[in-house]
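Engineer: Structure provided below as structure tokens; questions to follow.
The values are calculated or read from the model by the stated rules, or taken from the named source; none is laboratory data. Source: prediction; values computed, not measured. In this analysis, Cβ positions are derived from the backbone assuming ideal geometry, glycine residues included, and neighbour counts consider all displayed protein chains.
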Amino acid sequence: MREAVLKLLLLTLALLPSCSSIFPHDRAGEPDYITAVRPTSPDMIDPDRPFEESRYLPRYSLNSGDRVQVAFDVRAIESDEDYVIEPGDVIEIKVLFHTEVDGVYNVRPDGKISLPYKSDFRIAGLTPLEASAELAALYSDIFRNPSVSIQLKDTGQRIDNLRQIFNFGNQGQTQTYQLGPDGFVNLPVVGEFRAAGLTVAQLESIVNSSYARMAPEVNCNITLTDTAGYGIFVMGEVEEPGRLTITGPTTAARALALAGGHRLAEADLSKCILLSLDVVSGEATAQYVDLEAVLKRGDISRDAFLGPNDVLVVPSKRIVEMDRWVDQYIAKLLLFRGVGGNVSYRLN
């Protein structure tokens, strides 16, 4: 019976709209999510600190409405590979004994330069040494054994362009972004990322990996500046069941208090159920939480932490469940069929 109830509740959790998306990122380096909601074992407690402060606090996962500040750092990068000429570069070409070709050339956005006698020549994508060889071959039909040298005069155009993109006026190269209702954040050059469900460190790692592929001169540092809070759900025998908005670490006992407390005559605090769904991996887990031991005996080691979109279910006592079953399926059914009289029952 207990297993069937857990399976049904897990299915309900999986259908929650706020938890329906699975993100295409792993949680490398992060602890298993169920570890984050279970209290630390007693042998791991720091004796010099209160137990409440010694338990493992779950890493905060970003949610829709949160604000993050992104500080961009744009600088030229060192490389062991030969420099490749790009559009915007300025180069100086000299041909020995043929000064009519000598000059400073700007590489156009199409990657070409205009040369005397030869019109356009695509130079972008070549190293200076490769370009020298190709120009020597190009002019070999009109010059005898031409000797061509190329000197880079200005290679900072790309860096300048990137700095203009990441220049946000008085804020310099720092900008604040708010996660949209869909959990996405849009960043310059690399575009959109699904940030909801990730920690700040995970988001920073993913974003920097994208910049490394698309604009290696850019590196960013991300900090959380404002939280919109996240939702947890408290159901069952509580005074005010429903969704609660939480802005910090919350235990099951605190969530129960925020829901108005339990119904004294009906709730079975010893068998509360905590349902968790990891929105990154899509893994759903369930565990029993003995809130009776927490509230009546002060054993806070049994008080689990709740994460975003977790569901805490406070079940009914067995006698209350039987009472409701008799009322719903016997008394009301007989009355519906027009059968009068009193309905009585006995529980052994």
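Engineer: Going through SER210, SER205, SER270 one at a time, which residue ends up being farther than 20 Å from SER61 by Cα, hydroxyl-bearing (Ser, Thr, Tyr), surrounded by fewer than 19 Cβ atoms within 10 Å (Cβ to Cβ) and assigned by TED's automatic domain parsing to the domain that holds GLN175?
Structural biologist: SER210
Engineer: Which one of these is surrounded by fewer than 22 Cβ atoms within 10 Å (Cβ to Cβ) and touching a residue at least 40 places away in the same chain (Cβ under 8 Å): PRO216, PRO241?
Structural biologist: Being surrounded by fewer than 22 Cβ atoms within 10 Å (Cβ to Cβ) and touching a residue at least 40 places away in the same chain (Cβ under 8 Å) holds for just one of PRO216, PRO241, which is PRO216.
Engineer: Could you tell me whether ALA255 is aliphatic (A, V, I, L, M) and either surrounded by fewer than 18 Cβ atoms within 10 Å (Cβ to Cβ) or free of Cβ contacts under 8 Å to residues at least 24 places away in the same chain (or both)?
Structural biologist: no
Engineer: Could you check the range 227-304 for strands (runs of 3 or more DSSP E) lying wholly inside it with 1 or more residues that are in contact with an Asp or Glu (Cβ under 7 Å, 6 or more places away or on another chain) and closer than 30 Å to GLN202 by Cα? Even if it seems obvious, please write down each step before you answer.
Structural biologist: Working: elements: 230-236, 242-246, 272-277, 284-289.
In the range 227-304, the matching strands (runs of 3 or more DSSP E) lie at 230-236, 272-277.
Engineer: All but one of (1) at pLDDT 90 or above; (2) buried (at least 16 other Cβ atoms within 10 Å of the Cβ); (3) within 20 Å of ALA76 (Cβ to Cβ); (4) under 24 Å from the mean Cα position of the chain (by Cα) hold for ASN221; which doesn't?
Structural biologist: The failed condition is (2).
Engineer: Considering every residue within the range 70-87, establish whether at least one is modelled with pLDDT of 85 or more, assigned to a loop (DSSP other than H, G, I, E, B) and surrounded by 18 or more Cβ atoms within 10 Å (Cβ to Cβ).
Structural biologist: yes
Engineer: May I pose another question? From the list ALA133, ALA196, which one is modelled with pLDDT under 90 and among the hydrophobic types (A, V, I, L, M, F, W, C)?
Structural biologist: ALA196
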